[in-house]
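Visitor: Dumping the structure here so I can ask a few things about it.
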Ligand code: SF4
């Protein structure tokens, strides 16, 4: 699979979104872009070395989203609350650069299975169950960098 080598920027709640991504999205263009980032970079060989810069505005996943409005979002109040909770849980600061492997370590150390109902409250994708399933796999793995079977 061809790797997208564009620099990756994530708003705080998108680290968990990337962990749980199974192909759902807001539009075909959105899903294709997110798949390039998640499957093409983060889940590729040596993907844990991918460097991700933290931002609190529209990021690499937001770019083709039909809900995006410039650097903002039509659901900005809900999104801000999500970002604030995730930034606190994972100790993410604006402008900080972390690798995907470091992000997985932080998720495993700070987010317990079952915690997404509060951490991701009001997310429309939570009921799919893919994110909780991915979080459980992460905790069950011997190391945070073990790949799941998907
Ligand atoms: S809904 Fe908003 S925060 Fe989520 S990907 Fe789209 S623009 Fe970004």
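Please treat every number below as a calculation from the coordinates, not as lab data. Source: prediction; values computed, not measured. Cβ coordinates were reconstructed from backbone atoms using ideal geometry, including for glycine residues, and neighbour counts include every protein chain displayed.
Visitor: Can you tell me the FRET efficiency between residue 118 and residue 49 if r is taken as the Cβ-Cβ distance and R0 is 35 Å, rounded to the nearest 0.05?
Guide: With R0 = 35 Å, the Cβ-Cβ based efficiency is 0.65.
Visitor: Taking only C-alpha pairs under 8 Å that are 6+ residues apart, what is the relative contact order of the chain in percent?
Guide: So the answer I get is 29 percent.
Visitor: Additional query: Using 1/(1 + (r/R0)^6) with R0 = 22 angstrom and r between the beta carbons of residue 77 and residue 22, what's the FRET efficiency to the nearest 0.05?
Guide: The value I calculate is 0.25.
Visitor: Sticking with the crude label model, points 7 Å out along Cα→Cβ, report the distance from residue 127 to residue 84 in nm, one decimal please.
Guide: 2.6
Visitor: Identify which of 123, 73, 131 has the largest mean-square fluctuation in a Gaussian network model of the chain, with springs joining Cα atoms closer than 10 Å.
Guide: Among 123, 73, 131, the largest GNM mean-square fluctuation belongs to 123.
Visitor: Moving to a separate point now. Given a 10 angstrom Cα cut-off, can you work out which residue in 43, 68, 11 is the most mobile in a GNM of the chain?
Guide: 68
Visitor: Springs between alpha-carbon pairs under 10 angstrom, Gaussian network model over the chain: which of 86, 13, 139 fluctuates most?
Guide: 139
Visitor: By what distance, in whole Å, do the Cα atoms of the chain stretch along each of the three principal axes, largest value first?
Guide: 41, 36, 29
Visitor: For the ranges 52-58, 104-110, 25-31, what's the packing order if you count other beta-carbon atoms within 10 Å of each residue, average per peptide, and put the highest first?
Guide: 52-58, 104-110, 25-31
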